[in-house]
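The values are calculated or read from the model by the stated rules, or taken from the named source; none is laboratory data. Values in this document were obtained by computation on a predicted structure and should not be read as measured data. Positions of Cβ are backbone-derived with ideal geometry, glycine not excepted, and every protein chain shown enters the neighbour counts. To get the accessible areas, we keep the full protein, side chains included, count just its heavy atoms, and leave off ligands, DNA and RNA. Shrake-Rupley method; radii C 1.70, N 1.55, O 1.52, S 1.80 Å.
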Amino acid sequence: TQHTLSDQVTERFAVVVDQEVMDIDAREPLQYGSRPLMVPNWVRSPRQALLDVIAHGFEILSFSFPRKVLMSIYGGALIAFGSTLSIFLSAGIEWSGLQRFFLGFGFVGGFSMLILSGTTLYTEVNVTLPTVMMFQAHRFRRACWRCILLHLIVLLGNVAGTMMVAGFLYLADSLEATQQLRLENIVADKMKQEGSASGWFKVLLAGILANWMVGLAAFFAQMARTLTEKIAAVFFPVLIFAALGTQHAPANMGYLFTALFYGLPGVSWGSAFAWNLIPASIGNLLGGAAFVAAVMYYLHWPTSTELRTLQPYKTWLKALDSSSSSGSTSLGDEMSSPV
């Protein structure tokens, strides 16, 4: 019997989710109507990546509170190492273009460690959780508050993680005069909009651009299969957000907290949050939700058949239904409801 395209893709995705067979031969042509479609074995389709994003979102929601907190703190620490690496790589370089390249290259290292370690970053969940909420639109109230709570956990955990690394760097006296001067220049650029309402909104808009790129990096990483491919997938989006000088809240935490511990001029604890981290965080949320999650979900809308392969989703629903009232939607009804 000839399968449809979605059925055949679902079969391959189900094998990956269940981790039963890791070596999948995807060279066999899939049939889309009367046309064969070749799917290379070294990349996953955008629809498969979207399914993985949804599954990852439900998996994180099902984690225990301590596990969510630890993932968030560790993710913030890794991105702080990325911001520190960007300082060391770009210090002492006079040519602006090359300096910006190495600034971005440092963040490629930090973001790659984040993706490979399976930890959580605020700008990543800005894509994952809005995708889950769109998927759960027909039961929005029951999913919404859980996503909001996880957002807050990840954001505060990232603050704690970046602050921890900044404190260690200060206590270890890791930054020499050249690196401190470079950090001072970076902080001056991040805080240049301080003091005006229009500047506050410029930071917000720059935050939208940052999470647009970082969200695509996280999405592209889901399309890759191997360690090398994941690093290559995130390279250009991460390089772009950093080189363009956009406002990425967790990355800025690494810069600003380190500068505050070292007592560098141009920033205070109040100004760092009021004029940078708060508007950047709002912009990051808008950028990830509107320009990545919503667009990718609309372009690569998964079918109900494909969604049945998402074991993390079914596990999460069981926990959700067990805590709801007797008149709520059952697991079976939910799995058959329209998306």
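Tabulated data
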read-out: Alpha carbon centroid spacing (whole Å) that separates the range 218-268 from the range 56-72; value: 22 Å
read-out: Cα→Cβ-extended label distance, 7 Å offset, between LEU116 and SER174, nm; value: 1.7 nm
read-out: Listed peptides 215-224, 164-173 by packing density, highest first (mean Cβ within 10 Å); value: 215-224, 164-173
read-out: Residue list for the range 197-215, given a label point 7 angstrom along the Cα-to-Cβ vector of SER271 and an amide N cut-off under 15 Å; value: 197, 199-200
read-out: Computed label-point distance, nm, for sites LEU205 and ALA294 using a 7 Å Cα→Cβ extension; value: 1.8 nm
read-out: Neighbour net charge for ILE115 - beta-carbon separation under 12 angstrom, K R +1, D E -1; value: -1
read-out: Radius 12 Å from Cβ of LEU183, net charge of other residues (Lys, Arg +1; Asp, Glu -1); value: -1
read-out: Dipole of the range 168-244, positive end: most advanced residue of GLN222, LEU205, SER174 [Cβ charges, Cα centre]; value: GLN222
read-out: Accessible carbon and sulfur surface of the range 47-94 relative to its total accessible area, %, 1.4 Å; value: 63 percent
read-out: Residue-count net charge about LEU204 - beta-carbon cut-off 14 Å; Lys, Arg +1, Asp, Glu -1; value: +1
read-out: Projected label distance in nm at MET164 and ALA197, using a 7 Å step from Cα toward the beta-carbon; value: 4.0 nm
read-out: Convex hull volume of the range 211-255 per residue (C-alpha atoms, cubic angstrom); value: 69 Å³
read-out: Diffusion constant of the range 39-131 at 4 °C, which comes from Stokes-Einstein with the Kirkwood Cα-pair radius and 1.567 mPa s, µm²/s; value: 86 µm²/s
read-out: Per-peptide average of other Cβ atoms within 10 Å, ordering 192-203, 51-62 highest first; value: 51-62, 192-203
